[in-house]
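*Asks:* Below is the structure I would like to discuss, written out as structure tokens.
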Amino acid sequence: MAKQKTIITCAVTGAIHTPTMSDNLPITHNEIAEQAIAAAEAGASILHLHTRDQVDGRPSVAPNDYSGILSRVKQSTNAVLNITTGGAPTMRIEERIQAALHFSPEMCSLNMGSMNFAFHALADRYDTWKYDWEREYIAGSEANIFRNTFADIKQAATALAGHDIKFEHECYDVGHLYNLKHCMEIGLFKAPVFLQFVFGVLGGIGAEVENLIFMKRTADRLFGTDYRWSVLGAGAAQMPLATTASQMGGNVRVGLEDSLFISRGQLATSNAQQVTKIRRIIEDLGCEVATPDEARDMLDLKGGDKVAF
Ligand code: KMH
Ligand code: ZN
């Protein structure tokens, strides 16, 4: 049997890292679009997109802050565009789903449980900040509850039901797999689902290979063979866990949303640099990377011609 190809998702900017942390983190709409296009050219078939306020780079989920990015990336690449509904851990579900409702993308993320979502330790690493909002945003994450109740998940699934969007179900701990199973049992989602196992967020499961095996085994038990999966490791775990996942037959996610680094202590120069690195590892180890159209087939997506941008 032919070996499954590996889908590389690139999460381009996110809502956790802030402008002070790296000059290479894309902040303006122009930078986000340019880095997204370069990541696709390097081999990412899915681009997981957040956006930011044009003036001070704070996380935004406003459709206005997406429209230029989406149209430009769509014109320049064949990549699958995946719009976050996670937004930032401080935002509520009503605002977080607005962009997906407005643009009806092929994919959007959906976070499968409420949790602490903390990155306050990063605040001690910087003496000066590029923008006023950054320090409090980072330090304040010690008190974050990233709210994704069953009611929130139902609200998102129901509101988006008519759009034929494939969800990237973000599962930060083993309980989130059971949450998804419950939501499938009450008819919110149909197989085959696409799971993004998230490791190493403070508040979620740790970034260890044993945990990856445990998450995969639990998913096998709950969903049988009728699901697809991918792995993201936060911070230093990014490349090691992506490598392991690709060898286990899974798909991978990289990008500056999840780690600012290319190797220990060395900031990545761009998203494309991370995509190039994981692509080289995947190919060196004997696997092949999926093109956007192959990813569309593997995930049964509606197609780039059925979006509203
Ligand atoms: N920042 C990642 C750990 C989302 O956009 O829905 C999780 C994430 C959430 O990608
Ligand atoms: Zn995200």
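*Asks:* Within the chain, which whole H helices from DSSP have a Cα span along their axis of at least 18 Å and a mean Kyte-Doolittle hydropathy of -0.5 or more, if any? Can you show the working numbers first?
*Replies:* Details: long enough: 29-42 (20 Å, -0.06); 209-223 (21 Å, 0.10); 271-284 (20 Å, -0.83).
Helices meeting the span and hydropathy rule in the chain are 29-42, 209-223.
*Asks:* Rolling a 1.4 angstrom probe over the protein chains, ignoring ligands and nucleic acids, what is the accessible area of residue 306 in square angstrom, nearest 10?
*Replies:* Around 120 Å² of this residue is reachable by solvent.
*Asks:* Per the 1.4 Å probe, what fraction of the accessible area of the chain, in percent, lies on carbon and sulfur atoms?
*Replies:* Numbers: 6330 of 12740 Å².
Roughly 50 percent of what the probe reaches on the chain is carbon or sulfur.
*Asks:* Taking the Cα of residue 74, stepping 7 Å toward and past its beta carbon, and measuring to each backbone N in segment 90-125: which are under 16 Å?
*Replies:* Backbone N within reach: 99-108.
*Asks:* What are the residues whose amide H is under 5 Å from the amide H of residue 251, where those residues sit 5 or more places off or on another chain and H is modelled from the backbone?
*Replies:* Distant-sequence amide H within range of residue 251: 229, 230, 231.
*Asks:* Please give the contour-minus-distance gain from residue 53 to residue 225: 0.36 nm per residue of separation, less the Cα-Cα distance, rounded to one decimal in nm.
*Replies:* On the way: separation 172, 0.36 × 172 = 61.92 nm, distance 4.12 nm.
My answer for the length gained is 57.8 nm.
*Asks:* I've got another one for you. Mind ranking 76-82, 146-152 by how tightly packed they are, going by the mean number of other C-beta atoms within 10 angstrom, highest first?
*Replies:* Numbers: 76-82: 21.3, 146-152: 17.4.
So the peptides 76-82, 146-152, ranked by packing, come out 76-82, 146-152.
*Asks:* Hey, another quick one. Taking 32 Å as the cut-off for C-alpha to C-alpha distance, list the pairs among 3/154; 277/302; 74/154; 130/302 that go past it. Spell out each step's value before the answer.
*Replies:* Numbers: 3/154 35 Å; 277/302 29 Å; 74/154 29 Å; 130/302 41 Å.
Distance filter (> 32 Å) returns 3/154; 130/302.
*Asks:* Counting Lys and Arg as +1 and Asp and Glu as -1, each charge on the Cβ, what is the dipole of segment 8-303 about the Cα centre in debye, to the nearest 20? Provide the component values of the computation, followed by the final result.
*Replies:* Values: 25 positive and 35 negative charges, 77 e Å.
I would put it at about 380 debye.
*Asks:* Then there is this: How big is segment 60-206 by Rg and Dmax over its Cα atoms, in Å?
*Replies:* Computed over the Cα atoms of segment 60-206, radius of gyration and Dmax are 16.3, 50 Å.
*Asks:* Calculated FRET efficiency, residue 149 and residue 261, Cβ-Cβ r, R0 41 Å, to nearest 0.05?
*Replies:* Working: r = 33 Å, r/R0 = 0.81.
FRET efficiency, residue 149 to residue 261: 0.80.
*Asks:* Ranked from the most accessible area to the least, with a 1.4 Å probe and all protein chains present, what is the order of 185, 31, 170?
*Replies:* These residues rank, largest area first, as 185, 31, 170.
*Asks:* Oh, and also: Arranged from highest to lowest average of other beta-carbon atoms within 10 Å per residue, in what order do the peptides 263-272, 59-68 appear?
*Replies:* 59-68, 263-272
*Asks:* Please work out how much length the chain gains when fully extended from residue 139 to residue 185, using 0.36 nm per residue of separation minus the C-alpha to C-alpha distance, in nm with one decimal. List each step's numbers first, then the result.
*Replies:* Values: separation 46, 0.36 × 46 = 16.56 nm, distance 3.86 nm.
Stretched out fully, the residue 139 to residue 185 stretch lengthens by 12.7 nm.
*Asks:* Would you calculate the volume per residue, in Å³, of the smallest convex hull containing every Cα atom of segment 134-282?
*Replies:* On the way: hull volume 20.6 nm³, N = 149.
Cα convex hull per residue, to the nearest whole number: 138 Å³.
*Asks:* How do 302, 3, 277 stack up against each other in accessible area, from largest to smallest, with a 1.4 angstrom probe? Present the calculation step by step, with values, prior to reporting the outcome.
*Replies:* Details: 302 25, 3 145, 277 50 Å².
Ranked list, largest accessible area first: 3, 277, 302.
*Asks:* Rounded, prolate or oblate: which one fits the chain, using the alpha carbon gyration tensor with axes a ≥ b ≥ c (rounded when a/c is under 1.5, else prolate when a/b beats b/c, else oblate)? Walk me through the numbers before you get to the answer.
*Replies:* Values: a/c = 1.20, a/b = 1.15, b/c = 1.04.
The shape class here is rounded.
*Asks:* Roughly how many Å² is the accessible area per residue of the chain, as a whole number, for a 1.4 Å probe?
*Replies:* Details: 12740 Å² over 309 residues.
Dividing the accessible area of the chain by its residue count gives 41 Å².
The values are calculated or read from the model by the stated rules, or taken from the named source; none is laboratory data. No experiment lies behind these values; they were computed from the predicted model shown. Cβ: placed from backbone, ideal geometry, glycine included. Neighbour counts: every protein chain shown. To get the accessible areas, we keep the full protein, side chains included, count just its heavy atoms, and leave off ligands, DNA and RNA. Shrake-Rupley method; radii C 1.70, N 1.55, O 1.52, S 1.80 Å.
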